[in-house]
1. Once R0 is set to 41 Å, what does the formula 1/(1 + (r/R0)^6) return for the Cβ-Cβ distance between D248 and L103, expressed as a FRET efficiency to the nearest 0.05?
2. Give the average over all directions of the projected area of the C-alpha convex hull of the chain, one decimal, in nm².
3. Quick one: compute the contact order of region 1-87, relative version, from alpha carbon pairs under 8 angstrom and 6+ residues apart, as a percent.
4. Working out 0.36 nm times the residue gap between Q82 and E30, then minus their Cα-Cα distance, what length gain in nm do you get to one decimal?
5. Would you please give the FRET efficiency between F371 and K255, computed as 1/(1 + (r/R0)^6) with r the Cβ-Cβ distance and R0 = 51 Å, to the nearest 0.05?
6. Determine the distance separating the Cα centre of region 217-264 from the Cα centre of region 62-115; give it in Å without decimals.
7. Determine ³J(HN,Hα), in whole Hz, for all residues of region 181-193 in sequence, where each value follows from phi through the Karplus function 6.51 cos²θ - 1.76 cosθ + 1.60 and θ = phi - 60°; x replaces Gly and Pro.
8. Straight distance only, please: which aspartates and glutamates reach the Cα of K182 with their own Cα at less than 16 Å, same-chain residues fewer than 8 apart left out?
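Bear in mind that the values in this text are calculations on the coordinates, not laboratory data. Predicted model only: the values in this text are computed from it and were never measured. Please note: Cβ atoms are built from the backbone with ideal geometry, for glycine as well, and neighbour counts cover all protein chains shown.
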Amino acid sequence: MPKQSDVLSADFLVKIAEEFGTPVYVYHAEKIKTQYEKLQKAFTKTEARFFYACKALTNINILKYINSLGCGLDTVSIQEVQLGLKAGFDPKNIIFTPNCVDLQEIIAAKDLGVNINIDNISILEQFGNKFGSSYPICIRLNPHIMAGGNFKISTGHVDSKFGISIHQLRHIERIVKSTKLKVTGLHMHTGSEIKDVDVFLRGVEIMFEMAEHFPDLESIDLGSGFKVAYQQGDPETDIDLLGKKLSDAFNGFNKNYHRPLQLWFEPGKFLVSQSGYFVVKANVIKQTTATVFVGVNSGFNHLIRPMFYDAFHLIRNISNPHGTERIYTVVGNICETDTFGWDRKINEVREGDFLVFYNAGAYGFEMSSNFNSRLKPAEVLIKEGKPHLIRKRDTLDDILKNQVEITF
Ligand SMILES: Cc1ncc(COP(=O)(O)O)c(C=O)c1O
């Protein structure tokens, strides 16, 4: 868990809930900065660059803030690229790492001047035939490493759709040679929530072997997957140890490659997860024969991680932080099983109390939907102690705005 001083207090969050209503996502700008600085500090011994994987949270203000820190941006759709440019990122500081997109989308990114990662043979060949050496590219490889906190977020194993298998090296080489493609980067990303530093080391060794086959490289991108703690005692990736071991390995490799390469990363969760709080209101306390449910004014349409990944989010009652602890199952209001947490010890919850879900900055709002025609929550950014509304709560008009009514 984050150190106490990093955490927005219960009283403060209650004030935000009263002022902006609930459900509401609250982000703490300075926490994002602290996380970014932790990464920078861990990798001072080698030339490392970080590109925020904005799929975790794309509010334009978050992007602008992260740009102001000097961090780059990692994107997976042309819309994320466009948002990044709108937020002020230099195209040279944007990486585009899409999966299963068509050539048109890749060309659109090329026209915007960003770094492009190609992750399949078909597009590699088409891109090479069309552009040859005129637009350098990066190749996303699949290193065949099984890692990650959940199968849905494991992306580097043999059954994964991501990247070009390292066993297809000969095929890649044939395409590069015959189309004169200029390959300036190699990329891999084995998954999210990887606590074991050795997984990254195994990955980088594979990348070093691959790098020998590409003379024009300027960078090796190890993606991300740094694990953060979601509850007390939860293991995290030891970033300092990772920085030390990877920097040593990378510096060793750099001595033998004919030019020094940069080491790139694309952290998403590590930068924004702990900066985020999701505050909801207890609508009903419902005692059944077996369980005491707290039914809140939200659901998996707002925070899908518990139902989708079996993820754990610490839940606290910020309206009654010193009340007697009791056991509750916290559920949402969606029309199917919609459980945020089973058998949680929480200070006594009364109807109308505000509850907070911690570590809700990454893949929280971003994966939200209007399922059940419910409105998406508001978002508030806290910077230098001051709250700024950065997204209004949806209204019914938002749900209807792209619907076309016909006459019957
Ligand atoms: C290619 C790529 N890079 C970076 C990330 C960010 O991962 P994380 O949020 O675990 O840091 C992802 C996550 O899906 C990814 O697919």
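1. On the way: r = 40 Å, r/R0 = 0.97.
Rounded to the nearest 0.05, the efficiency is 0.55.
2. Numbers: hull surface 90.8 nm².
With the hull built on Cα positions only, its mean projection is 22.7 nm².
3. Numbers: 49 pairs, mean separation 20.8, N = 87.
Taking the mean separation of contacting Cα pairs over the length of region 1-87, I get 24 percent.
4. Using 0.36 nm per residue and subtracting the Cα-Cα distance, I get 16.2 nm.
5. Details: r = 54 Å, r/R0 = 1.06.
Here the calculated transfer efficiency is 0.40.
6. For region 217-264 versus region 62-115, the Cα centre distance is 22 Å.
7. 4, 9, 9, 9, x, 10, 9, 8, 8, 8, x, 10, 6
8. D119, E125, E173, E212, D216, E218
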